[in-house]
Amino acid sequence: MNPNYLDFEQPIAELEAKIEELRLVGEDSEINISDEIERLQQKNVALTEQVFSDLSAWQVAQVARHPQRPYTLDYVKHMIEDFDELHGDRHFADDAAIVGGIGRLEGQPVMVIGHQKGREVKEKVRRNFGMPRPEGYRKALRLMEMAERFKMPIITFIDTPGAYPGIDAEERGQSEAIAYNLAVMSRLKTPIISTVVGEGGSGGALAIGVCDQLLMLQYGTYSVISPEGCASILWKSAERASDAAKAMGITSGRLHELGLVDKVVPEPLGGAHRDVPLMAASLKQQLIETLDQLQALSMDELLQKRYDRLMSYGIA
Amino acid sequence: MSNWLDKIVPSLIRSETKKKQDIPEGLWKKCPKCEAVLYRPELDKNLNVCPKCDHHMRLRARKRLELFLDPDNRIEIGADVEPVDRLKFRDSKKYKDRLSAAQKGTGEKDALVAMRGEVEGVPLVAVAFEFSFLGGSMGAVVGERFVRAVNVCLEQRLPLICFAASGGARMQEALFSLMQMAKTSAALEKMKAEGIPYISVLTDPVFGGVSASLAMLGDLNVAEPNALIGFAGPRVIEQTVREKLPEGFQRSEFLLDHGAVDMILPREQMRERLAAILRKLQSLPAA
């Protein structure tokens, strides 16, 4: 088992290991095996295409949580110039599970806010696995209100298992922090574009996700509760997570069909982590186009559209 | 009860039979907190509050509004909005079947009842969650009825009072239910901009998506005594932090101590106190 590959990717991992092995042998020997490597590489592409052509909702959820998946700061690095990270909610602390700051998107000043997971164990713990506490949401709110004052569009990246369910989070008003963001974001006088880049975990995701346009990466997920949580409540067994994932319709394709997601951004073959610069470049292109469309509207039109859209949810 | 019986007898019937074993007749009810056996007509007169230990038992939504509003000039809002199973959701049961069972069991079409009315002569709109309807969960109908209630408030400049009792968002409506959080919160923000009061009354229990949206956004947040209120449920928190939760955690008194609610009001004072508060907030003469 290669830990950098998911269960259903193991055949791909094996093939790639074989190619790597051949390469090493090739370097040492006189025999020309580049044809063989070429053949295997083509086979690998075909195999990856085949594996990824028909992922179940639960497999997509695995890709969304892939340990190599790019996080907010990876996108910032690849698509935002001149970025200054800003810290703290001015009341209690700086929550590392949400990052934010000012930068430029193709020259235009923007406020960027996103959930942030960690890569190594220590970093994962410091980032609390991307599960914000109230101070994270309050930092986000502070930055969003600042964006409104300085007429900067807001770009958010959603990638969280959910808001942190802890004693301290409850003591400091997790519910209120989320609720307040939802209310304020509905009327902020600046364009807001949100992109689900990984896991969209419930209220903890929505608290930075009330927007004018909702984008979603091909293998992102967005749901009201995690598949495991849903399964343990409705099926009385977390083992039924794959059934829950399917029933809830958490994938980009399904949510686009239902009219809940505006644009699906295709991922490189094998998922965003297989080619981060390519992923970032195509998302950047989408963000620029979407922002152009939103900035063509008057402020009144923008806000009216945002409100009408919120009011239309759930009414067939 | 043995396991095989658990499986074949639906849970509702099971708890009914259990009750009958514990309590002599339908005229009597046992207080879930102090276990005192109470005479039902007496309990009704006491607003479903245990006269022995002051435990505030749950109230059905319609009963809540009936006790809260003046008897005259009531008009129901949004009764025509009915649930639709857009996702054809199915877990161990079909959502459609869960809906009809809940409708039969409660006599309600969904988990929120909204009414325009008066309290001690102060005109207002009041909404109440029906916890017996799929745990008072918020789906598209709850969200839409809530927004219609807000719209009546905006059109007629009437204050809004919400009695929340909910486990959170309705999983069977998946992302549609999540979006109700944003929808109801956005509507409340309009009330705020117009300077129309909104009082959120938190009753036992309020969690998840309802807690993290409309229920925490009151100009005043008021709780009934000893209600369980939070974002994540106590069991989830216990599993996450792997420690014992402090005494009184997520109870109304805990929320008051931590600054999440303005006051705790016993049920018998609810009408009088809220009417007096609304008079002040709207510059109306004292009663």
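Over the range A:204-262, with every protein chain in place, what whole percent of the accessible area is carbon and sulfur at 1.4 Å, could you tell me?
Working: 870 of 1910 Å².
Percent of accessible area from carbon and sulfur atoms in the range A:204-262: 46.
List the residues of the range A:156-184 whose accessible area drops by at least 40 Å² when all protein chains are present, compared with their chain alone, using a 1.4 Å probe and counting only protein heavy atoms.
Correct list: A:PRO165, A:ILE167, A:GLU170, A:GLU171, A:SER175, A:ALA179, A:LEU182, A:ALA183.
Between A:PHE150 and B:SER92, what is the spin-label point distance in nm, taking each point 7 Å from the Cα along the Cα→C-beta axis?
Taking the two extended label points, one gets 5.4 nm.
So, in Å, what gap is there between the alpha-carbon centers of the range A:122-154 and the range B:65-123?
After rounding, the separation between the Cα centres reads 37 Å.
Starting from the Cα gyration tensor of the range B:80-146, multiply each eigenvalue by 5, take the square root, and state the resulting semi-axes largest first in whole Å.
Details: eigenvalues 149, 27, 15 Å².
Three semi-axes, in Å: 27, 12, 9.
What is the Rg over Rh value, at two decimals, for the range A:19-93, using alpha-carbon atoms and the Kirkwood definition of Rh? Intermediate values should be presented prior to the final figure.
Numbers: Rg = 21.3 Å, Rh = 17.2 Å.
Reported Rg/Rh (Cα atoms, Kirkwood Rh): 1.24.
Report the charge-dipole magnitude of the protein assembly as shown in Debye, nearest 20, computed about the Cα centre from +1 at each Lys and Arg Cβ and -1 at each Asp and Glu Cβ.
Working: 77 positive and 85 negative charges, 477 e Å.
In total the dipole reaches around 2300 debye.
In what sequence, highest mean first, do A:295-302, B:50-57, A:239-246 appear when ranked by Cβ atoms within 10 angstrom? It would help to have the intermediate numbers written out before the result.
Values: A:295-302: 11.8, B:50-57: 16.0, A:239-246: 19.6.
The most tightly packed comes first, giving A:239-246, B:50-57, A:295-302.
If I take the Cα coordinates of chain B and project them onto the principal axes, what are the three extents in Å, biggest first?
Projected onto its principal axes, the Cα set of chain B covers 62, 47, 43 Å.
Taking only C-alpha pairs under 8 Å that are 6+ residues apart, what is the relative contact order of chain B in percent?
Working: 501 pairs, mean separation 37.9, N = 287.
The normalised contact order for chain B reaches 13 percent.
Can you give the mean number of other chain Cβ atoms that lie within 10 Å of the Cβ atoms in peptide A:208-218?
Values: counts 0, 3, 6, 1, 0, 0, 0, 0, 0, 0, 0.
Whole-number average of other-chain Cβ neighbours for A:208-218 is 1.
With a 1.4 Å probe and all protein chains left in place, how much accessible area per residue does the range A:66-221 have, in Å²?
Numbers: 4910 Å² over 156 residues.
For the range A:66-221, the per-residue accessible area is 31 Å².
List the accessible area buried at the contact between B and A, summed over both sides and calculated with a 1.4 Å probe, in Å² to the nearest 100. List each step's numbers first, then the result.
Numbers: alone 15380 and 15530 Å², together 26880 Å².
By this definition, chains B and A bury close to 4000 Å².
Once the other residues with Cβ under 12 Å from the Cβ of B:CYS153 are scored (Lys, Arg +1; Asp, Glu -1), what is the net sum? List each step's numbers first, then the result.
Working: positive: B:ARG116, B:ARG148, B:ARG157, B:LYS190, B:LYS192; negative: B:GLU155, B:GLU194.
Counting the neighbours of B:CYS153, the net charge comes to +3.
Sorted by mean Cβ packing within 10 Å, highest first, what order do the peptides A:268-276, B:157-165, A:36-44 take?
Working: A:268-276: 18.9, B:157-165: 24.7, A:36-44: 14.0.
Averaged packing, sorted descending, gives the order B:157-165, A:268-276, A:36-44.
Assuming a strict under-16 Å limit between Cα atoms, what lysine pair count do you get for chain A once near-sequence pairs (fewer than 8 apart, same chain) are dropped? Please list the in-between numbers first.
Values: A:LYS18/A:LYS43; A:LYS77/A:LYS117; A:LYS77/A:LYS284; A:LYS151/A:LYS189; A:LYS189/A:LYS305; A:LYS263/A:LYS284.
Number of lysine pairs found: 6.
How far is the Cα center of the range B:149-175 from the Cα center of the range A:74-110, in Å?
Rounded to whole Å, the Cα centres lie 34 Å apart.
Quick one: the Cα spread of the range B:50-99 along its three principal axes, in angstroms, biggest first?
Cα extents, longest axis first: 44, 34, 11 Å.
Where the only charges are on Cβ atoms (+1 Lys, Arg; -1 Asp, Glu), what is the dipole of chain B about its Cα centre, to the nearest 20 debye? Don't skip to the end; give the middle numbers.
Numbers: 43 positive and 38 negative charges, 178 e Å.
Once rounded to the nearest 20, the dipole reads 860 debye.
Work from the charge dipole of the range A:274-316 (Cβ charges, +1 for Lys and Arg, -1 for Asp and Glu, about the Cα centre) and give the residue of A:MET311, A:ILE288, A:VAL276 farthest towards its positive end.
Toward the positive end, the furthest listed residue is A:VAL276.
Which residue fluctuates the most in chain B, going by a Gaussian network model with Cα springs under 10 Å, if the choices are B:ALA79, B:ALA149, B:ALA169?
Taking springs between Cα atoms under 10 Å, the residue moving most is B:ALA79.
For chain A, what is the relative contact order in percent, using Cα pairs closer than 8 Å and at least 6 residues apart in sequence? It would help to have the intermediate numbers written out before the result.
Numbers: 556 pairs, mean separation 48.5, N = 316.
RCO, chain A: 15 percent.
Give the calculated FRET efficiency between A:ALA13 and A:GLU123 to the nearest 0.05, with a Förster radius of 22 Å applied to their Cβ-Cβ distance. All intermediate terms of the calculation are to be shown ahead of the outcome.
Numbers: r = 24 Å, r/R0 = 1.10.
In this case the efficiency is close to 0.35.
How big is Rg to Rh over the range A:1-143, alpha-carbon atoms, Rh as the Kirkwood inverse-mean-distance radius? Can you show the working numbers first?
Working: Rg = 21.0 Å, Rh = 18.5 Å.
Result for the range A:1-143 is an Rg/Rh of 1.14.
By the 4.7 Å beta carbon criterion, which cysteine residues of chain B come out unpaired?
B:CYS153, B:CYS162
Using all Cα-Cα distances in the range A:114-234, what percent lands in each 10 angstrom bin from 0 up to the longest?
14, 44, 35, 7, 1
Using a Förster radius of 45 Å, what is the FRET efficiency between A:GLN285 and B:GLU120 based on their Cβ-Cβ separation? Nearest 0.05, please. Don't skip to the end; give the middle numbers.
Working: r = 61 Å, r/R0 = 1.35.
The calculated FRET efficiency here is 0.15.
Considering every pair of different Cα atoms, what Kirkwood radius, in Å, is found for the range A:64-120? Numbers along the way, then the final one.
Values: mean 1/r = 0.0815 Å⁻¹.
This gives a value of 12.3 Å.
Taking a cut-off of 41 Å, what percent of all Cα-Cα pairs in the protein assembly as shown are separated by more than that?
Values: 52059 of 181503 pairs.
In whole percent, the long-distance tail amounts to 29.
Note down the magnitude of the dipole of the range B:153-284 about its Cα centre, charges +1 on Lys and Arg C-beta and -1 on Asp and Glu C-beta and zero elsewhere, to the nearest 20 debye.
On the way: 14 positive and 15 negative charges, 50 e Å.
With Lys and Arg at +1 and Asp and Glu at -1, about 240 debye.
Could you tell me which residue out of B:GLY136, A:ALA96, A:GLY26 lies farthest along the dipole of the protein assembly as shown toward its positive end? Charges go on the beta carbon: Lys and Arg +1, Asp and Glu -1, centred on the Cα centre.
B:GLY136
Tell me the mean residue ellipticity at 222 nm calculated for the protein assembly as shown from its helices only (DSSP H runs of n ≥ 4, each -39500 (n - 2.57), averaged over every residue, nearest 500).
On the way: 25 runs with 263 residues, N = 603.
Calculated at 222 nm, the ellipticity per residue is -13000 deg cm²/dmol.
Normalising by the residue count of the range B:24-172, find the relative contact order in percent from Cα pairs under 8 Å and 6+ residues apart. Each step should come with its number before you reach the end.
Numbers: 244 pairs, mean separation 30.7, N = 149.
Taking the mean separation of contacting Cα pairs over the length of the range B:24-172, I get 21 percent.
If I histogram all Cα-Cα distances within the range B:131-287 using bins 5 Å wide from 0, what percent of pairs lands in each bin?
In order of increasing distance, the bins hold 2, 9, 17, 20, 19, 17, 9, 4, 2, 1, 0 percent.
What does the net charge come to around A:PRO132 if you take all other residues with beta carbon closer than 9 Å to its beta carbon, with K and R at +1 and D and E at -1?
Here the charged neighbours net out to 0.
Hey, what does the equivalent ellipsoid look like for the range A:78-166, semi-axes from the Cα gyration tensor as sqrt of 5 times each eigenvalue, largest first, whole Å? Walk me through the intermediate numbers first.
Numbers: eigenvalues 102, 46, 20 Å².
The equivalent ellipsoid of the range A:78-166 has semi-axes of 23, 15, 10 Å.
Charges on Cβ only, +1 for Lys and Arg, -1 for Asp and Glu, centred on the Cα centroid of chain B; of B:ILE199, B:TRP28, B:VAL122, which one is farthest towards the dipole's positive end?
B:TRP28
P(r) for the range A:184-316: what percent of alpha-carbon pairs falls in each 5 Å bin, starting at zero?
2, 10, 17, 20, 19, 15, 9, 5, 2, 1
Can you list, largest first and rounded to whole Å, the semi-axes you get for chain A by taking the square root of 5 times each eigenvalue of its Cα gyration tensor? Please list the in-between numbers first.
Numbers: eigenvalues 253, 103, 80 Å².
Equivalent-ellipsoid dimensions as semi-axes: 36, 23, 20 Å.
In Å, what is the Rg of the alpha-carbon atoms in the range B:214-273, and how long is Dmax?
13.1, 43
With each label point set 7 Å from Cα along the Cα-Cβ vector, what nm distance links A:ASP84 and B:MET263?
Taking the two extended label points, one gets 4.6 nm.
The values are calculated or read from the model by the stated rules, or taken from the named source; none is laboratory data. Just so it is clear, the structure is predicted and the values come from calculations on it, not from any experiment. No Cβ is skipped: glycine too gets one built from the backbone with ideal geometry, and neighbour counts run over all protein chains shown. What goes into the accessible areas is simple: the full protein's heavy atoms, side chains included, and nothing from ligands, DNA or RNA. Shrake-Rupley method; radii C 1.70, N 1.55, O 1.52, S 1.80 Å.
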